[in-house]
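Reading through the structure tokens given below for one structure.
Only the coordinates and a few stated rules stand behind these numbers; no lab work does. Being a predicted model, the structure only gives us computed values, none of them experimental. Quick reminder, even Gly has a Cβ in these numbers, built from the backbone with ideal geometry, and neighbours come from all protein chains shown.
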């Protein structure tokens, strides 16, 4: 190899080696295919996903429920819970309003189960909403129902 | 205006001839060795100032880096750990001094000057070996020739105008 | 040939000297011996390029370094070369300041040695970085990381020291070359050489103003170079002394390293001038006086180094720290003891021959002693780096170091590169500083 | 014998020197500027995606909260890339025949993830945790820009180390009240607590934020 050729090769290799700058390393990121393709074994529940007993009703629980409701539920159910959210206005089949008798009389567990398993056109939210948050949202739905249909005694008291 | 180039066989003769030649016009010497010269040079001052400025800037840079730019605890040392800043300040000072000296040398001598009219004289080729040359830019050509002959110049060459 | 020779033999004169020295550089064809001598260095330099390429491709794992000895050949050779380089500046700058006339005929060699020694040295720390292509991170430039180099570390001081030293050496060397380049320009036989040397001479014509500024500047730069070279090698010593490693953490290191620089630098200059004065017919200008002076200097610096070795042992046992003593015993009697004793033999005992004037003037023996010293200095660096690291404070971390073929290729490659560079200097520029020799040959007398 | 050089050589030498100086200065400016350009940092680059997802439509148009899709942003280091299942929550009913969404339907049918390409990517030697930034009051917009205005996602900030350090050295001006973290239109109002008050409320600040090991672990 001529000296000039060697110099060229040297320069090219030196410059090329600069490309290997460790910004990309052979390790699995949170969403590399190896990580996302892991499916949980049968009959197992992800950590923290086990069914819970309903927690005691507190103001903090309701506030948490309101926050999560506005994230995960309002696109369809709307902030009022009347089933006329933005996505429904764009063509998604309207869910029933929370303020119908069937749902007012349904046990709280019903809302929890719908979030866990889905219902009708509604997909399961088990992967997005953790069990404690499901209870919080369920509690908030109860509060929504109450807000649209207050018992006469409560109205009087507040006066 | 004409330019003459004359060469002398020794330093002594050239030095002896110079006072007589100076009244003729612009006189410049070209010698293989430095002539005795009592005039001073500005370069030591340039080197000193550049060195001091470089050292102060180098020190300032380190102080800035460690106290303002990115103060970070290294082995519990204080942010203003000035003794550790001295070596680099010294090195930067020396670097600027040397570079300033070299650049200053080029500037004060208007170098690089690859071509100069005196190069046309073939006598000049010896000026870097053993000839002690002098160039005289003068109106009084004849007097210069006579004077050079009197002063025992080895060769005299007249530059084409 | 006697120690009382003048620095240029009687009968020398300026025109002859100029013709002879510039004639070497301006030869149309290289000497036969030159062509033969370049073959091996050129091959070794190719080996160096090859091993560097492979290093870039494969990483520093191809070397023998590992825990606990993470500083292997790269650092050994770096310190070895920079010491050799420093020796040249001592001769060209320090002895310029002392107005030692003998220095005028060998300072060009010494400075060229400095240049190529420093170039060889500078390669190593960069290769030693895990990712050499990021070496510029050592430089404080306005980067997008908002980061600064670690200014409190001797290793960074070293970067600045080497940067300054290499730049200043090039400047000093080139400035010293200007009048000689002008001579070559005016004496060049071919148009090509006239143009090349003419451009390099920048238009230096020896006018009164040029000479006036030139002499002043040369003196000032010499006065700067002398402390600079001391700072450079002290900082190299601090690279070691700054670490809390057994055997390194000593205030003696900076002067100890400077002693070593004297020793190896003088030895290398001797090794270069002895064959050169014969091959280039320079006996007239490099005389018995030079050999005698250099021999004395070599002997003196060897005594300095010997003193450092004794102090090293004394401090260890007087200090009484267990880890230090363990490491030192290992140095004397352990796995690498042979290298330590070679150090003592080559650096301290062998140069004692130079007490005798007859030996100082025997070129063959002096050359052999010089080679011994150069090898001995390498052994000293090996002992410092490897022996200290292979016996750290924790016995669980003990380990050995062995160089690989790539270590050796790189090391021999830099030796080849160095010799190649010196041969190029011999071929292309005056090996003797002609304008400074004129001062000796025609002293300025009233 | 004539001179070696012609008078033009002097001009050539001067031009050469000026050229060399210009080259050095130009090189230095280039070195300073080049890494800061949007081109090098890939700022405002549109990345070709399997599906041309519009944050503008989903966030600004429909008012969907960031956390509807990026579910783990409050609880984990990574913000969480939504699985196809999340897309199909709506698109099982809406735009069911759109050709644009074919890869989404395929993905669900074949149980293979959609190969989204990273837009906001940090080097692998940087440790970044969304959870702590959210918990300490840093809004999404600070690093991701105005996602609600992007019909196609693009990188909005340089994300150089200098960018990170700029905030880590003085985080207070970039902090928001908890309720404003996901607010895409949030502006500081007179009622907003001062930066210093927010920093105190979140217990943020101090030299440790610029320790090497905060980001390189």
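Values as computed for the structure displayed
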read-out	value
Taking B:57, A:76 and counting other C-beta atoms within 10 Å, the order from fewest to most	B:57, A:76
Average Cα contact separation per residue, the range C:141-228, under 8 Å, 6 or more apart, as relative contact order %	25
Dmax and Rg, reported as Rg then Dmax, of the range A:59-158 (C-alpha, Å)	13.4, 42
C-alpha long axis of helix C:405-428 to longest principal axis of chain C, angle in °	10
Base-10 log of normalised Debye intensity for chain D (one unit scatterer per alpha-carbon) at q = 0.14, 0.18 Å⁻¹	-1.00, -1.40
In Å, descending, principal axis extents of the Cα set of the range C:14-441	69, 60, 41
Kirkwood hydrodynamic radius of the protein assembly as shown, from inverse mean 1/r over distinct Cα pairs, in Å	35.0
Average beta-carbon neighbours from other chains, 10 Å sphere, peptide B:79-89	4
DSSP-defined antiparallel bridges as percent of all bridges, the protein assembly as shown, nearest 5	95
Other protein chain Cβ atoms within 10 Å, averaged over every residue that makes up D:156-168	2
Compactness index (Cα Rg / 2.2 N^0.38 Å), chain B	1.69
Prolate/oblate/rounded call for the range D:130-217, Cα gyration tensor, a/c under 1.5 rounded	oblate
Which of C:390, D:57, D:203 has the fewest Cβ neighbours within 10 Å, and the rest in rising order	D:203, D:57, C:390
Once the Cα gyration tensor of the range B:43-108 is diagonalised, semi-axes √(5λ) in Å	30, 9, 7
Shielding by partners - mean other protein chain Cβ count within 10 Å, residues of C:49-62	2
Helix axis angle, C:253-279 relative to chain C longest principal axis, alpha carbon, degrees	40
Relative contact order (%) - the range D:45-186, alpha-carbon pairs under 8 angstrom, separation at least six	34
Ordering of C:135-145, D:162-172, C:205-215 by packing [mean C-beta count within 10 Å, highest first]	C:205-215, D:162-172, C:135-145
Packing rank of C:323-330, C:108-115, B:29-36, where each peptide gets the mean count of other beta carbons within 10 Å, highest leading	C:108-115, B:29-36, C:323-330
Burial ordering of D:55, A:149, fewest other beta-carbon atoms within 10 Å first	A:149, D:55
Mean separation of Cα contacts under 8 Å (6+ apart) over length of the range C:93-192, as relative contact order %	28
Rounded to 10°, Cα long-axis angle of helix C:288-319 versus longest principal axis of chain C	20
For chain B, calculated [θ]222 nm from helices alone, where every DSSP H run of n ≥ 4 adds -39500 (n - 2.57)	-14500 deg cm²/dmol
